[in-house]
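Notes follow the structure.
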Amino acid sequence: MSLFALKSIDRAIQESERENQLRRTLGPFSLIALGVGAVIGAGIFTLTGVAAANFAGPAIVISFVLAAIGCVFAGLCYSEFSTMIPIAGSAYTYAYATMGELIAWIIGWDLVLEYCVGAATVSIGWGQTLVALLQTFGINLPAKFIASPFQPIKLPDGTLVHGIINLPAVFIVVTVSVILILGIRESAGINTIIVFLKVSVVVTFIFIGWKYISPANHIPFIPPNTGHFGNFGWSGIVSGAGVIFFAYIGFDAVSTAAQEAKKPQRDMPVGIIGSLLVCTVLFILYSYVLTGIVNYKDLNVAAPLSLALVKIPIPWLSTAMNLAVLAGLTSVMLVMLLGQSRVFYSMSRDGLLPKLFSSVHPKFRTPWRCNLVLMVFVGLFAAFAPIAVVGEMTSIGTLFAFVIVCAGILIMRRTHPFIPRPFKTPLVPLVPVLGIIANLFLMSGLGWSNWARLIVWLAIGLVIYFSYSRKHSVVQRESPK
């Protein structure tokens, strides 16, 4: 039994076209909305201020451009793969066709860090945002039902109390899971509405806030380096790019919906690159306005946007922005849980996970049992886990996936040079190599603790693979002995 048995592209596509297939209902606009929905969330509202205050200053605008370039390398490689192999599974499916089953399993297990753990963490942030919004209207929910028993929260009077269960976080996990079970068309439609809402509010902030920019806050635009690498200057811009890279996480989730795209060969590149372009433009304008309204030295706070809103004498804007944050987090969860269920769906069809993960509802044509399992797992995490800094853990898993996809393009160009490619990554091998270098560079800056967590997580996955998945693998069972 080979650890690196390949699953041919023809076989993967044929299996996707058999009965029990997912419903193809997504067009290019819906795919772009999925990408934007995944990207514009917690990152833009929190990380921009921290990166500006500690690393780049007003030049955080340039940091967003650098981070986007790194994402584009991976996005171009994702686009080629998604048109060659237009089925569910994203990086897992691509790795299976290029590097073999063991690497495919590792990347599929790794994606849990991006999608599942990320969605659980976002749900906790969603709950906190809702509680804060309700407090502005004089509504105070019982403290014991809005936080984990392991995480103290501060009441309006300043006292610290421990909760019993985080019900707001559980509520949004259940709600999003039900939406996903009802159908991809319905999920995409709701996501498109949410994306329109939050993009409209962000654009409104940019448009209104532009009038309140103080030119003095942008001088100097690139603060001089303090003598330490990463503390302002050009090295600070690079460090800032590494920090705000986390704001871009999620665009790759578009590729998990390839099997539900109407014309994946045409629409997948549009969805992936289009969502990156839309988000980059919004991020640049948003960060320019934010650092223009508030001096970058004052932005090292958890909610930098609130500082800017205080300086804008429009009361309704603050409420609208809080609603935008809620909408942003909701759409991030929707796309993350959709992506996770589609990766598990593909792994289950290959025998690497139990069949319940690929069970499709006869009416809704969605992997509903998989969604239910994820709802329980993510819901438990949301209900009882303390609020922790898991953004870096999520990011290292995502960057690892990007490296695998870029390497896969190099392999496929050598092993399958004549296979039809409706979209071809330009400047191969330059673009994939630059993608690998850029993402490994960003991984190297995440610290040994995050590398240790990644290694432990992958070790757990290998135990599952050798104890269950390898024995049940469809490819392994059918390969000649």
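Quickly run through region 134-148 and pick out the residues that are modelled with pLDDT of 80 or more and either under 25 Å from Leu337 (Cβ atoms) or of a type in the set (Ser, Thr, Tyr) (or both).
Leu134, Leu141, Phe145, Ile146
Which is over 22 Å from Gly35 (Cα atoms) and touching an Asp or Glu at 6+ places or on another chain (Cβ under 7 Å), of Arg369, Arg413, Arg349?
Arg349
When you look at Gly41, is it at pLDDT below 85 and either in contact with a Ser or Thr (Cβ under 7 Å, 6 or more places away or on another chain) or under 29 Å from Ser123 (Cβ atoms) (or both), yes or no?
In short, yes.
Just checking, does region 250-261 include any residue being of a type in the set (Val, Ile, Thr) and over 20 Å from Ser395 (Cβ atoms)?
No, every residue in region 250-261 fails to be of a type in the set (Val, Ile, Thr) and over 20 Å from Ser395 (Cβ atoms).
Consider Trp126 carefully, then state whether it is farther than 22 Å from Asp10 by Cα and hydrophobic (A, V, I, L, M, F, W, C).
When the stated conditions are applied, Trp126 passes them.
Of the residues Ile237, Ile222, Ile206, only one is modelled with pLDDT of 80 or more and not in a helix (DSSP H, G or I); which?
Ile222
Name the residue that is surrounded by the fewest Cβ atoms within 10 Å (Cβ to Cβ), counting only residues in region 397-413 that are of a type in the set (Val, Ile, Thr) and over 20 Å from the mean Cα position of the chain (by Cα).
Taking the candidates together, the pick is Ile411.
When you go through (1) touching a Leu at 6+ places or on another chain (Cβ under 8 Å); (2) without any contact (Cβ under 8 Å) to a residue 40 or more places away in the chain one by one for Val431, which number turns out not to apply?
All conditions are met except number (2).
Does any residue in region 449-468 that is farther than 15 Å from Ser395 by Cβ come within less than 7 Å, Cβ to Cβ, of a residue that is surrounded by 10 or more Cβ atoms within 10 Å (Cβ to Cβ) six or more places away or on a different chain, and which pairs are these?
Leu458/Ile106; Leu458/Trp109; Leu458/Asp110; Gly461/Trp105; Gly461/Ile106; Gly461/Trp109; Tyr465/Trp105
Please specify each residue of region 346-367 satisfying the condition of being more than 25 Å from Ala95 (Cα to Cα) and aromatic (Phe, Trp, Tyr).
Phe364
Being over 24 Å from the mean Cα position of the chain (by Cα), at pLDDT 90 or above and not acidic (Asp, Glu) is true for just one of Ser479, Ser467. Which residue is that?
After ruling out the rest, the residue left standing is Ser467.
Regarding Pro152, is this residue of a type outside the set (S, T, N, Q), in contact with a His (Cβ under 6 Å, 6 or more places away or on another chain) and at pLDDT below 80?
yes
State all residues of region 161-186 that are more than 27 Å from Thr319 (Cβ to Cβ) and either at pLDDT below 70 or assigned to a strand (DSSP E or B) (or both); if no residue qualifies, say none.
His162, Ile184, Arg185, Glu186
Take region 461-475 and flag every residue that is of a type in the set (Ser, Thr, Tyr) and in a helix (DSSP H, G or I).
Tyr465, Ser467, Tyr468, Ser469
Picking from Leu285, Leu305, Leu276, which residue would you name as being modelled with pLDDT under 85 and of a type outside the set (Ser, Thr, Tyr)?
None of the other options fit; the residue is Leu305.
Given the criterion over 22 Å from Thr330 (Cβ atoms), modelled with pLDDT under 75 and crowded, with 19+ Cβ neighbours inside 10 Å, identify the matching residue among Ala12, Ala67.
None of the others qualify; the one that does is Ala12.
Can you name every residue in region 414-460 that is surrounded by 14 or more Cβ atoms within 10 Å (Cβ to Cβ), modelled with pLDDT of 90 or more, in a helix (DSSP H, G or I) and not β-branched (Val, Ile, Thr)?
The answer is Pro432, Leu434, Gly435, Leu458.
Being surrounded by fewer than 22 Cβ atoms within 10 Å (Cβ to Cβ), part of a helix (DSSP H, G or I), in contact (Cβ under 8 Å) with a residue 40 or more places away in the chain and within 23 Å of the chain's Cα centre (by Cα) is the filter here; which residues of region 267-311 pass it?
The answer is Val270, Ile273, Gly274, Val278, Thr280, Leu282, Ile284, Leu285.
The values are calculated or read from the model by the stated rules, or taken from the named source; none is laboratory data. Just so it is clear, the model here is predicted, and its values are computed rather than measured. So basically every Cβ, Gly included, is an ideal-geometry build from the backbone, and we count neighbours across all protein chains shown.
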